[in-house]
Each structure stands twice: as C-alpha cells, then as structure tokens.
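First up is the structure itself, then whatever we jot down about it.
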Amino acid sequence: MQEVVQTIRDLVEIPSPTGFTVQALTYVENRFKEEEISYTKLEKGALLAMLPGKSPRIRLLTAHVDTLGAMVKEILPTGRLSLSQLGGYAWTAIEGENCLVHKMDGQTISGTILFHHSSVHTSRVTNTEERSAENIEVRLDIRSTTAEETRVAGIEVGDIVTFDPRFVHTQTGFVKSRHLDDKASVALLLELVKKWKSIDLPHPVHILISNYEEVGFGGNAGFSKDVAEYIAVDMGALGEGQHSDEYTVSICAKDGSGPYDLALRHQFTRLAQQQAIPYKVDIYPYYSSDASAAVHAGHDVRHGLLGPGIESSHSYERTHETSLQATYDLLDAFVKEPMNDENTL
C-alpha cells in the first residue's frame, strides 16, 4: 500500500474543491500518460480512461477528484471574508483550519477560518453560539482592517478558498487527512490500472474521474451507451449506527438516493467471502454518489457502490492501510470476473 498512500498524499496536497479541479485532473492525466492508458477529456473537465476487454459490454468505475472547499461570499468591513460552502459540511468542521484564498491572477493569500467571537477573553458566547455562515470568517495573513485594503490585495467575491489537508501517515498504518473523500479512491484506481492494463479482462473497464460529485452531478454524463455496470468507488461513512469501519472495504446496500443493484451487491459480498477480503455491508442515510447521479440522469445501468471506510467524513478524515488494501483487492477480483446477467436474485 505504500504506492497507494503516496498517491493519496500527492492528490490531497493539490487543492481541488468543486469547480477548481484542473490541477488535480492534470495530475491524473499525467499518470494515465505515464502508463500509456487511453483516455479522453469530457466537456465538464472529467477524464475517462479506457482499458480493453473481450465483451462489448462495459464496466465503468468512477471516483471523484473534487473535494470540499469554499468561495468568498463577501468582503467584510473589517477586511475579513465570509464564505459560501462548496459541498456539504458542518461549519465546526473547518473552524480553526488554515486556508488559502486563490486570487484570479493565480496567486494565493493564506489565512485562518475562525468563529467571529473566537477569543474567550473578549466574548461570553464563544462556547455557546452556533457556528453559521453569518459568524464564520477568514482572518487573512495580510495587513488589512477594511474591505478596500483587502480588495487592493487582489481578493474579490467568488475567489476559491481551500483547506489545509494536514496529511499524516502514522507508523501504525493510519492515513489522516482532509479530502480522503474521494482521493483515497482515485489513488486506488490509479494504482490498479497499472495492473489491469496488462491483463486480458473479460469486459472493457472504463475509469471515470469525475469533478462535480460533491455538488451532486459529477458522473452523470459523457460515458458510452454500452456501459452495463456503473460502480462508484467512494468512501464508506462511519458513525453511530453504522457497520463500516476503518479496516474493511465498505459495500453499500442503500443510501439516501435509494437501494443499489442487489445482484451487484451480492457479487461483491460473495467475492469478498471467497477471497477472504474483510468487508462490511452498510446503509448510508445521508449520502449519494456518482452512480446514483447517473441513474437519476436516466442511464440504464446496474449501479453499485463500495470503498474504503473513512472516519469523520467531511471533517478531518482517517482510514487505515487495511481498508485501502481490502478495497484494492475487491476491485481487482471484481473486474476479473464475468458479469452476472441476472437482474434479480
């Protein structure tokens, strides 16, 4: 897993919130070029790689390179910034985080995301007031105490704000970072294609690296009408009442968009059992994926969802090498097996 972990680090250290993904997609594109993988660019900026197979019926695997972030919503009279979210997260999840503001000229200005009444020495509401768009702001690392001074520095409404990933790989095998959703899965697919490109696959495997998943419409277009199976490789969400953990591959039975294909889910489970791959089946109540976006867009595909277990999703996330390995192994076993043509079991 060392190569996978290094690729995760490479990816999370490239800022790429939804709508600001060119640099991360360029990294993926260069990896495809290095491995001499055939690919095409889609109009929304996503990348679609294509590996040959015996059957005309295609398997599509997708992971998304876009992450959480923010935009400058307003330059406040104090010179600080208010934010509009890119993707869905709790304001408490980014409080105290270092950030970068990406100006239109390509330069950046650093800052820190803070609660307006952050000092307990000057406010009685620091520990009690709910965090919201109205009281979370960016303290910039420039000398500015007015909106005009901030504008003179080149910052304007609509500028992208990205969060420090704080990547850590521990000696005990944990990977801690922002944006493991879904760059851990992108890294797994980039490592797997190096293996799959020299295998005689039963079906063509297309790899869609999408870039608008966090806002709900990433992987819903641009792929072949011959795609029969659409598998989203995305995080397993951990929490109270969930079965998934940081040490297994998480197989999703249902999320907020509805159930996933039963035959595919049973196929994943059977393969995991046969090959002694640690797994958990789970339901994610407040979740959707590129696969569900594709089905909602009207594509006639069988859709599935699996991925590594990610603790504290949409916050400071964590997983373990064993979960990455289990996901790698299940994806590898799946693409080597012919399709199950049963629509029901």
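Which whole-Hz couplings ³J(HN,Hα) result when phi for each residue of region 30-46 is put into the Karplus expression 6.51 cos²θ - 1.76 cosθ + 1.60, θ = phi - 60°, listed in order with x for Gly and Pro?
Once rounded to whole Hz, the list reads 5, 5, 4, 5, 4, 8, 6, 8, 5, 8, 9, 9, 8, 5, 7, x, 5.
Provide the packing ranking of 91-102, 128-139, 11-22, i.e. peptides ordered by the mean count of other C-beta atoms within 10 Å per residue, highest first.
Ranking, from highest mean packing down: 11-22, 91-102, 128-139.
Can you list the residues, at least 5 places off or on another chain, whose amide H is less than 5 Å from the amide H of SER210, using H built in the peptide plane?
ALA63, HIS64, VAL65
Place a +1 charge on the Cβ of each Lys and Arg in the chain and a -1 charge on the Cβ of each Asp and Glu, then give the dipole magnitude about the Cα centre in debye, rounded to the nearest 20.
It comes to approximately 300 debye.
Using only the Cα atoms of region 1-134, each taken as one equal point scatterer with no solvent, compute I(q) by the Debye sum, divide by I(0), and report log10 of the ratio at q = 0.13, 0.16 Å⁻¹.
One equal scatterer on each Cα of region 1-134 leads to -0.74, -0.97.
For LYS225, which aspartates and glutamates qualify as cross-link partners when the Cα separation must be under 12 Å and same-chain residues fewer than eight apart are set aside?
The reachable aspartates and glutamates, counting only those whose Cα sits under 12 Å from LYS225, are ASP300.
At 0.36 nm per residue, and after removing the present C-alpha to C-alpha distance, how many nm does the segment from THR78 to GLU13 gain when stretched out fully? Before the final figure, lay out each step's value.
Values: separation 65, 0.36 × 65 = 23.40 nm, distance 3.04 nm.
Gain in length upon complete extension: 20.4 nm.
Which shape class, rounded, prolate or oblate, goes with region 1-49 when its Cα gyration tensor gives a ≥ b ≥ c as root eigenvalues, a/c under 1.5 marks rounded, and past that a/b bigger than b/c marks prolate?
Details: a/c = 2.72, a/b = 1.14, b/c = 2.39.
Judged from the Cα gyration tensor, region 1-49 comes out oblate (a/c at least 1.5, b/c at or above a/b).
Taking R0 as 56 Å, what FRET efficiency do you get between ARG57 and GLU148 from their Cβ-Cβ distance, rounded to the nearest 0.05?
Plugging the Cβ-Cβ distance into 1/(1 + (r/R0)^6) gives 0.40.
Based on the Kirkwood radius over alpha-carbon pairs, what value in µm²/s does the Stokes-Einstein equation return for the translational diffusion coefficient of the chain at 37 °C and 0.692 mPa s? Intermediate results must be reported in sequence, preceding the final value.
Details: Rh = 20.9 Å.
Translational diffusion coefficient: 157 µm²/s.
Would you mind computing, in nm to one decimal, how far apart the modelled labels at ASN340 and PHE217 are, each placed 7 Å from Cα along Cα→Cβ?
Using points 7 Å along Cα→Cβ, the separation is 3.4 nm.
List the aspartates and glutamates whose Cα sits under 19 Å from the Cα of LYS41, skipping any in the same chain fewer than 8 residues away.
GLU29, ASP66, GLU213, ASP226, ASP290
In whole Å and largest first, what semi-axes does the C-alpha gyration tensor of region 288-341 yield when each eigenvalue is scaled by 5 and square-rooted?
25, 19, 5
Which residue, PHE20, SER84, HIS116, has the largest displacement toward the positive end of the dipole of the chain when charges sit on each Cβ (Lys, Arg +1; Asp, Glu -1)?
Toward the positive end, the furthest listed residue is PHE20.
How big is the C-alpha Rg of region 69-163 next to the rule-of-thumb value 2.2 N^0.38 Å, as a ratio?
Values: Rg = 12.8 Å, N = 95, 2.2 N^0.38 = 12.4 Å.
Cα-based Rg divided by the globular estimate yields 1.03.
Describe numerically, in nm with one decimal, the distance between label points set 7 Å from Cα along Cα→Cβ at THR172 and at THR26.
3.9 nm
Between HIS296 and GLU43, what FRET efficiency comes out of the Förster formula 1/(1 + (r/R0)^6) with R0 = 25 Å and r the beta carbon distance, rounded to 0.05?
About 0.80, to the nearest 0.05.
Can you order the peptides 194-205, 301-312, 172-183 by their average number of other Cβ atoms within 10 Å per residue, highest first? Before the final figure, lay out each step's value.
On the way: 194-205: 15.9, 301-312: 25.4, 172-183: 22.5.
Output ranking for 194-205, 301-312, 172-183: 301-312, 172-183, 194-205.
Choose one of HIS102, ALA293, GLY69: the residue whose Cα lies farthest towards the positive end of the charge dipole of the chain (beta-carbon charges +1 Lys, Arg; -1 Asp, Glu; about the Cα centre).
ALA293
For region 252-257, in order, what is each residue's ³J(HN,Hα) by Karplus, 6.51 cos²θ - 1.76 cosθ + 1.60 with θ = phi - 60°, in whole Hz (x at glycine and Pro)?
Working through the residues one at a time gives 8, 8, 7, 9, x, 8 Hz.
Nothing charged except the Cβ atoms of Lys and Arg (+1) and of Asp and Glu (-1): what's the magnitude of the dipole of region 94-227 about its Cα centre? Round to the nearest 20 debye.
Result for region 94-227 is approximately 520 debye, rounded to the nearest 20.
Residue by residue, what Karplus-based ³J(HN,Hα) values in Hz, rounded to whole numbers, does region 68-79 have, using 6.51, -1.76 and 1.60 with θ = phi - 60° and x for Gly and Pro?
6, x, 7, 10, 5, 8, 7, 9, 6, x, 7, x
Would you mind computing, in nm to one decimal, how far apart the modelled labels at THR128 and LEU262 are, each placed 7 Å from Cα along Cα→Cβ?
5.3 nm
We did not get these values from a lab; they are worked out from the coordinates using the rules stated. These figures come from a predicted structure and were not determined experimentally. Please note: Cβ atoms are built from the backbone with ideal geometry, for glycine as well, and neighbour counts cover all protein chains shown.
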